[in-house]
Amino acid sequence: MNDPTAPIPEAVDHTDVLLVERTLAGDQHAFELLVIKYQRRIQRLISRMVRDSDLVEDIAQETFIRAYRALHQFRGDAQFYTWLYRIAVNTAKKFLLDLKRDRLVTQTALQPDGEEDETSRPGNEPTTDETPESVLAAREIAQAVNAAMEALPEDLRQAVTLREIEGLSYEDIAAAMDCPIGTVRSRIFRAREAISARVRPLLEHQSGKRW
Amino acid sequence: MTQDMSNTRELVSALADGQLRGEEFARALALIEHSEEARAHWHAYHLVGDVLRSDELAAGSARDVAFAARLRQRLQQEASMERPENAMNSVAFGADISRSEGQNRAEHPGANDASMRWKLVAGLASLATVMVVGWHLTSNDGKADGAPQLAQVAVPVQPVAVEATPAMIRDPRLDQLLAAHQQFGGTSALQMPAGFVRNATFERPAR
């Protein structure tokens, strides 16, 4: 029911628009921030169409490269992710068509029934290269986030919930919580700090790499 | 409000929520650009948001750094070749990537591009083919006599007429008639022999 990869109808994210503008002005780092922000959703979307996790990553890479090349076409009247979502779906479909033309490709890289629908593969079905370790690592991160969330003071939990899950703006959260916008900003930041403090050691341990 | 934003990580958090404009936005961007720590927070904050929305999005998050690093290399190659606003005319919504031929060749060179010898061999082979065909045609004076040709079935069987009139002059009206009724000729449009052959001959006035 709740597809985490589907575009969410909400107000245009000004940070995304500004990052696009900076990229078009020649600042590649700005585009990298968009990549860091959306890479998980894009890879998850593609993994619903393609089983091979290496292929998923290749298609995700190609998606971002195509987006980068076509960035001047993004008009900013819709969410950046909505625009990116369509590029990802089209890129994945093109990859699948090319794979089908290639007689050497094994069917395991494709959908079991050959379908090309991003909604056709259940979300909890592992891709071909997912190992028990990677599944466990993902579970650890999810558990750490949820545990940290439960341990938050009520005002911080409420603020971050309204922001991250409900998608409210700072102004709306301030109205809902009857507090100044600055307080909202501070509460959301403190909530994130508390949660990411539990997550970041796991990430560094699992990946062995730093930004 | 500005005092609240003095904290670097809070600035990154506000940037993640689309709350910064102008100078603050530029400052936050510069921070992330130059600080590995700030970039790690940018990643962690978005990861936390993703996982809060769905546990599924925690999958593969340990590979996020490697993914971004790989893409960074590709983007640097892209940037060295072309700026994004000039790179493409149409791409996103299902259309093929319309990239310049030169760019495609630069990114995906042919397997034999590194060796000029193959290009030379291909050129010589083309030249040799043209020479062989030309020699073949000129040596036979433009007449192919080797392979059987379906179109030759009808015409050569006229020895009598040739014997009677050594200098045969074709009547132009006959040509017109044959041209107008080509479908009744000895071959069909598919160059297959018909079941019968129609011949046109000159006859002596005495007969």
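The values are calculated or read from the model by the stated rules, or taken from the named source; none is laboratory data. Please read all numbers here as calculations on a predicted model, not as lab measurements. Positions of Cβ are backbone-derived with ideal geometry, glycine not excepted, and every protein chain shown enters the neighbour counts.
Of all residues in the range B:15-29, exactly one satisfies the criterion of being under 18 Å from B:Ala40 (Cα atoms) and of a type in the set (Asp, Glu), namely B:Asp17. Sub-7 Å Cβ pairs linking a first residue in the range B:1-23 that is at pLDDT below 75 to a second residue that is in a helix (DSSP H, G or I), at least 6 apart or interchain, are B:Met1/A:Gly182; B:Asp4/A:Gly182; B:Asp4/A:Arg185; B:Asp4/A:Ser186; B:Asp4/B:Glu10; B:Met5/B:Leu11; B:Met5/B:Ala14; B:Met5/B:Glu24, ordered by first then second residue. Residues that are out of contact with any Asp or Glu (no Cβ under 6 Å at 6 or more places or on another chain) and aromatic (Phe, Trp, Tyr) within the range A:161-211 comprise just one, A:Tyr170.
For residues in the range A:24-42 being charged (D, E, K, R) and over 8 Å from the mean Cα position of the chain (by Cα), which is farthest from the other protein chains (Cβ to nearest Cβ)?
In the first step, residues of the range A:24-42 are kept if they are charged (D, E, K, R); the result is A:27, A:32, A:37, A:40-41.
Now narrow it down to the ones that are over 8 Å from the mean Cα position of the chain (by Cα): A:27, A:32.
Details: A:Asp27: 8, A:Glu32: 6 Å.
The extreme case among them is A:Asp27.
Restricting the range B:47-56 to residues that are in contact with an Asp or Glu (Cβ under 8 Å, 6 or more places away or on another chain) and either surrounded by 23 or more Cβ atoms within 10 Å (Cβ to Cβ) or of a type outside the set (Lys, Arg) (or both), the residue that is farthest from the other protein chains (Cβ to nearest Cβ) is B:Leu47.
Quick check, is B:Asp17 facing chain A (nearest Cβ under 7 Å), of a type in the set (Asp, Glu) and within 16 Å of A:Phe189 (Cα to Cα)? It would help to see each step written out before you state the result.
Details: facing chain A (nearest Cβ under 7 Å): yes; of a type in the set (Asp, Glu): yes; within 16 Å of A:Phe189 (Cα to Cα): yes.
Taking the combined requirement at face value, the residue satisfies it.
Applying the criterion of being more than 7 Å from chain B (Cβ to nearest Cβ) and outside any helix (DSSP H, G or I) to the residues of the range A:9-23, the residue that is surrounded by the most Cβ atoms within 10 Å (Cβ to Cβ) is A:Val12.
Matching residues to (1) touching a residue at least 60 places away in the same chain (Cβ under 8 Å); (2) surrounded by 17 or more Cβ atoms within 10 Å (Cβ to Cβ); (3) at the interface with chain B (Cβ under 9 Å from one of its Cβ atoms); (4) not hydrophobic (A, V, I, L, M, F, W, C):
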site	(1), (2), (3), (4)
A:Ile173	no, yes, no, no
A:Arg187	no, yes, no, yes
A:Arg198	no, yes, no, yes
A:Leu203	yes, yes, yes, no
A:Lys209	no, no, yes, yes
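Taken over the range A:131-170, the residue count meeting the criterion of being acidic (Asp, Glu) and in contact with a helix residue (DSSP H, G or I) (Cβ under 7 Å, 6 or more places away or on another chain) is 3.
From the list B:Ala28, B:Ala40, B:Ala59, B:Ala44, the lone residue that is buried (at least 16 other Cβ atoms within 10 Å of the Cβ) and in contact with an Asp or Glu (Cβ under 8 Å, 6 or more places away or on another chain) is B:Ala59. Residue count for the range A:45-62 satisfying the condition of being assigned to a helix (DSSP H, G or I) and surrounded by fewer than 24 Cβ atoms within 10 Å (Cβ to Cβ): 7.
For the range A:141-157, a residue qualifies if it is surrounded by fewer than 17 Cβ atoms within 10 Å (Cβ to Cβ) and either part of a helix (DSSP H, G or I) or at the interface with chain B (Cβ under 9 Å from one of its Cβ atoms) (or both), and the qualifying residues are A:Gln143, A:Asn146, A:Ala147, A:Glu150, A:Ala151, A:Glu154, A:Asp155.
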